[in-house]
Structure formats: structure tokens, C-alpha cells
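Here the structure is laid out as C-alpha cells; the discussion comes afterwards.
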Amino acid sequence: MFRNLFLSAFVACAATAGAAPAQEAKPTGQPVDVVICLDVSGSMSGLIASARIKIWDIVNDLAKAKPTPHLRVALYTYGGSGPDYPAEAGWVRKELDLTTDLDELYKALNAPKRAGSTEYVTRVCTNALKDQAWSKDKKALKLIFVCGNEPASQDPTIPLKTAADLAKEMDVVINPIFCGPVNHPESADWKQLATLANGQFINIDMNKATTVAVATPFDKRLAEISAEMNTTYLAYGRDGKARAENQQAQDANAQKASPGAAAARATSKAGGLYRNEGWDLVDRLKRDKDFDVKKVPVEELCESMKKMTPEEREKHVKDMLAKREAMQKEVLELSAKRDTYVAEETKKKAGTGEKGLDEALRGAIRTQAAAKGIKLP
């Protein structure tokens with residue numbers, strides 16, 4: 001609905017020349033690396049749907065930490081079929097390496113998946129441990145969340161203990177999330193993996209995000225501001241145009257998932273974890289104290305800024321920053337009201353007591369972050 005709002009203004013500043021890729025500002029904040037591994041086999045369609053609806057709520061929880069952490073997220077899927085999930089790779093696919101680009105994460109979550117029937121839990125965990133450039137900071141919080149509903153010991157080549165021992169050696173916590181009743185016979189392996197890997201076993205209702213989704217009176221306005229906010233992004237560099245277009249595409253995907261997902265995404269875009277200094281001049285100016293807008297080569301600028309003088313460019317970027325910050329303030333005020341509304345409505349709809357995906361991740365992250373000195377309200 002809001003995809004084309006202010007489209008002409010947005011596209012005008014999204015177009016870029018073939019300039020070199022921009023450099024991101026030096027990371028600040030305590031590192032938090034999170035790898036999410038989702039079972040995409042035939043019985044697990046509700047899990048991906050829940051992730052699409054609730055991932056922004058999870059990000060928003062982390063954004064409340066003080067000081068704001070340096071969040072990177074990676075995504076793996078397993079139990080698929082077709083050429084993207086070859087048998088020799090254990091039917092595992094790396095969707096996205098650890099990144100601060102939350103739009104790329106959401107794009108990966110919304111990409112089509114081909115369901116299969118073989119789920120190697122320890123294989124996907126081991127791949128994540130070996131493939132990713134995990135933070136070397138001793139204070140870093142490093143977590144894997146692996147979700148599924150079949151026995152976790154199916155992999156004939158990687159026992160539970162082997163995967164768990166590697167994780168402990170790397171100071172990575174594996175949190176197994178079983179999508180089914182806590183006393184189901186097939187949950188036993190998941191509980192064992194949690195014990196071996198110093199993680200937290202959690203059982204969830206993977207469909208809960210859709211069954212208890214709460215529409216609020218604030219969702220429409222939050223989605224509108226999210227679209228308006230896009231007009232304050234000033235793309236630059238070789239990848240600027242594509243990444244600006246992806247931002248808008250993920251707004252549309254969130255709106256398609258649910259009004260609540262779009263509202264939660266708007267909140268994320270107003271928070272400290274939504275980082276785009278690699279392609280947006282406004283974020284770059286805000287996050288990099290040494291950045292001088294006047295020195296950006298003309299060929300790296302969007303079309304609407306190329307004819308400006310260096311001084312005019314600097315003023316324009318600062319004006320867009322002020323405009324965005326005003327929008328972000330309104331978003332955060334509305335989001336606080338929305339949170340209260342959702343909490344009250346969720347109590348009314350409480351049923352079996354089983355957690356949803358977002359509750360599972362948020363609860364475990366809060367507990368394990370505290371062990372690293374990161375306090376989440």
C-alpha cells in the first residue's frame with residue numbers, strides 16, 4: 001500500500017554512477033553475532049512465516065540495550081531440496097553471512113525456499129561455526145539458534161557432542177529450538193544438544209506468530225512514516241541504487257507479511273541497529289565523525305545532488321538528517337504506545353502457554369546477553 005509513497009523523490013536520490021563501494025564507519029558497541037538456522041522441510045512452513053512476521057520485534061528488543069550493541073546477523077536454512085540444497089552438503093544452505101544489513105536479512109527470509117525431508121541439525125550448526133567470521137572480541141555475545149521438529153541427531157557424520165564441543169571451543173552458544181510439545185519423544189536430542197552446548201532448550205509453537213498477531217490502531221501511521229523516511233536516504237557509491245531499492249522492497253515484504261510486521265520494521269528503522277552508512281550519506285554523516293560530505297566525488301552522488309556545490313551538499317545532508325530524526329522520534333513515541341496495546345491484547349489471547357519464535361529468541365538473548373554484561377530492559 002505504501003510502496004510507491006514519495007517514489008519519485010526516493011528514486012531521484014537512489015540513482016548512482018558506477019563508483020567504488022562505500023566504506024562503513026568503524027563498528028562501535030559491544031559485538032553481538034547471531035546466526036539463525038531454520039528448518040525449511042515440508043512440515044515447517046509456519047516457521048518461515050513466523051520469522052517474517054516477528055524478526056523486527058527481535059531486532060527492536062536488542063536495540064533497547066544501552067549502550068547500543070554492534071549487531072550482526074546471519075541466516076542458514078536446512079532440510080530443503082533442489083540444486084540449492086545438494087545432498088553432499090547435507091541439504092544445508094547459507095543464505096547470508098554475518099552482516100549489519102538488516103534489509104539483506106529480510107530479503108533472504110522472503111526468498112522462495114524448496115521444501116525437502118532430511119534435516120541435519122548438527123551439520124547446519126557446524127557449517128555456521130566454521131564458515132562465519134565470528135567476532136574475536138572476548139566480550140562478544142555469539143549465539144546460534146537452530147530450529148526444527150525432527151530428531152537433532154540425524155546427521156550420520158557429525159554427532160551432537162562434536163558440534164557442541166566445537167561451539168564451546170569458539171565461545172559460541174547453541175540454542176536448540178524444538179518446534180513441538182516439550183514432552184514429544186523427538187525433543188530428547190534437542191534437550192541433549194542444549195546441555196552439551198551450554199545453551200537453552202526451548203520448545204515453541206511455530207505458528208503462534210500468525211495465530212496471535214495483534215493489529216493495532218498505530219500500525220497504519222507507522223507504516224506511512226516508514227515510507228516517508230525513505231525519502232531522507234541519499235544513496236551514494238556503486239551499490240547505493242540497489243540497496244535503496246532493496247530498502248523499499250523490504251518495506252513491501254513486511255507489509256505483505258502483516259501490518260504488525262510493517263509497524264515493527266518502522267520501529268527498527270528508527271533504532272540504532274538499522275545501519276546504512278555503507279550506502280546512505282545521512283547515516284554516514286551521523287555515524288562517522290571524520291566523514292566530510294563535501295569531499296565525496298561527484299560521480300558517487302545521486303543525480304539530485306550532482307549539481308550542488310560542496311556546501312549545498314553538506315547542508316542538504318544535514319537537512320535530511322534533521323528531517324529523519326524528527327520522523328524517528330514520532331515512530332518511537334507511537335511504538336511505545338503500540339507495545340502497550342500489544343501486551344494488553346496478547347494477555348487476552350493467551351492460550352497453551354507455548355512460546356512463539358520471537359519469544360524464544362528474545363528470552364534466550366536476554367538471559368545470555370546478561371552473562372556478557374549486556375542488559376536488555
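Summary table
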{"read-out": "Any chance Asp57 is closer than 24 Å to Gly356 by Cα and surrounded by fewer than 24 Cβ atoms within 10 Å (Cβ to Cβ)", "value": "no"}
{"read-out": "Only listed residue being of a type in the set (Val, Ile, Thr), touching a strand residue (DSSP E or B) at 6+ places or on another chain (Cβ under 7 Å) and surrounded by 15 or more Cβ atoms within 10 Å (Cβ to Cβ), chosen from Ile158, Ile202", "value": "Ile202"}
{"read-out": "Conditions (1) surrounded by 18 or more Cβ atoms within 10 Å (Cβ to Cβ); (2) in contact with a Lys or Arg (Cβ under 7 Å, 6 or more places away or on another chain); number of the one not met by Asp131", "value": "(1)"}
{"read-out": "All positions within region 326-364 that are at pLDDT 95 or above and either under 21 Å from the mean Cα position of the chain (by Cα) or more than 20 Å from Ile55 (Cα to Cα) (or both)", "value": "Ala326, Met327, Gln328, Lys329, Glu330, Val331, Leu332, Glu333, Ser335, Ala336, Arg338"}
{"read-out": "Which numbered condition Ala25 fails, given (1) modelled with pLDDT of 90 or more; (2) under 29 Å from Thr231 (Cα atoms); (3) among the hydrophobic types (A, V, I, L, M, F, W, C)", "value": "(1)"}
{"read-out": "Pick from region 94-129, criterion among the polar types (S, T, N, Q), in a loop (DSSP other than H, G, I, E, B) and more than 10 Å from the chain's Cα centre (by Cα), ranking: nearest to Thr157 (Cα to Cα)", "value": "Thr118"}
{"read-out": "Failed condition for Ala65, given (1) surrounded by fewer than 23 Cβ atoms within 10 Å (Cβ to Cβ); (2) of a type in the set (A, V, I, L, M, F, W, C); (3) touching a strand residue (DSSP E or B) at 6+ places or on another chain (Cβ under 6 Å); (4) not in a helix (DSSP H, G or I)", "value": "(3)"}
{"read-out": "Residue in region 156-168 that is out of contact with any Phe, Trp or Tyr (no Cβ under 7 Å at 6 or more places or on another chain) and more than 26 Å from Ala87 (Cα to Cα) present", "value": "yes"}
{"read-out": "Residue in region 308-319 that is more than 21 Å from the chain's Cα centre (by Cα), of a type outside the set (D, E, K, R), modelled with pLDDT under 95 and assigned to a loop (DSSP other than H, G, I, E, B) present", "value": "no"}
{"read-out": "Lone qualifier among Ala197, Ala227 - being crowded, with 20+ Cβ neighbours inside 10 Å and either of a type in the set (Ser, Thr, Tyr) or not assigned by TED's automatic domain parsing to the domain that holds Arg265 (or both)", "value": "Ala197"}
{"read-out": "Subset of region 155-198 [among the polar types (S, T, N, Q), under 15 Å from Asn127 (Cβ atoms) and not in a helix (DSSP H, G or I)]", "value": "Thr157"}
{"read-out": "Helices (runs of 4 or more DSSP H) contained in region 205-291 and holding at least 1 residues over 30 Å from Lys347 (Cα atoms)", "value": "219-229, 240-257, 281-287"}
{"read-out": "Filter result (more than 18 Å from the chain's Cα centre (by Cα) and closer than 30 Å to Ser43 by Cβ) within region 207-263", "value": "Asn207, Lys208, Thr210, Thr211, Val212, Ala213, Val214, Ala215"}
{"read-out": "Any hit, region 286-294, residues being surrounded by fewer than 13 Cβ atoms within 10 Å (Cβ to Cβ), under 19 Å from Tyr233 (Cα atoms) and in contact (Cβ under 8 Å) with a residue 24 or more places away in the chain", "value": "no"}
{"read-out": "Single residue of region 295-314 satisfying the filter (of a type in the set (Val, Ile, Thr) and more than 16 Å from Arg284 (Cα to Cα)) that is surrounded by the most Cβ atoms within 10 Å (Cβ to Cβ)", "value": "Val298"}
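Conditions tested, residue by residue: (1) touching a Lys or Arg at 6+ places or on another chain (Cβ under 8 Å); (2) farther than 17 Å from Arg338 by Cβ.
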residue	(1), (2)
Lys208	yes, yes
Arg221	no, no
Ile225	no, no
Met229	yes, no
Arg243	no, yes
Ala252	yes, yes
Ser258	no, no
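The values are calculated or read from the model by the stated rules, or taken from the named source; none is laboratory data. Being a predicted model, the structure only gives us computed values, none of them experimental. Using ideal geometry, Cβ is built from the backbone for each residue, glycine included, and neighbour counts are taken over all protein chains shown.
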